[in-house]
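The structure under discussion appears below in the form of structure tokens.
The values are calculated or read from the model by the stated rules, or taken from the named source; none is laboratory data. The structure presented is a predicted model; accordingly, all values stated were derived computationally and were not measured. With ideal geometry, Cβ positions are generated from the backbone for all residues, glycine too; neighbour counts draw on all protein chains shown.
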Amino acid sequence: MRQAQLTASAGEAVTAREYPDLPGPLPADFNPQLARRVLDSAIEETAGATPPVEVRRVVIERHPAPASSTLRRAPRFSSSETGGTVSSRAC
């Protein structure tokens, strides 16, 4: 956050998750929005309810290791194109 403030730019918060392969249907408590809520909570804990800079949120549904290389190659979007949020679904 401090670097984004100093350079008048946006911060980017990223999380990656992968639900394990299961031999059957997903559990009843499966919630695909959980990763987004965890990310939002981490941002609020770190920067407060109203962060001092724009924070772009990125949720990648993939194992974190390959997802990081996908993220490095992913195009960046301005807040005017995305309304301040970026959601990526990597395959």
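Observations on the model:
- Subset tally (residues that are closer than 15 Å to Glu12 by Cα and charged (D, E, K, R)) for the stretch 28-44: 3
- Count of residues meeting criterion [of a type in the set (D, E, K, R), surrounded by 10 or more Cβ atoms within 10 Å (Cβ to Cβ) and assigned to a loop (DSSP other than H, G, I, E, B)] in the stretch 22-41: 0
- Residue, nearest to Ala65 (Cα to Cα), within the stretch 1-17, restricted to residues that are polar (S, T, N, Q) and assigned to a loop (DSSP other than H, G, I, E, B): Ser9
- Filtered residue count, the stretch 50-91, keeping only those that are modelled with pLDDT of 90 or more and assigned to a loop (DSSP other than H, G, I, E, B): 5
- Leu6 modelled with pLDDT of 85 or more, exposed (fewer than 13 other Cβ atoms within 10 Å of the Cβ) and out of contact with any His (no Cβ under 6 Å at 6 or more places or on another chain): yes
- Subset of the stretch 18-53 that is under 22 Å from Pro64 (Cα atoms) and aliphatic (A, V, I, L, M) - its residue that is nearest to the chain's Cα centre (by Cα): Leu39
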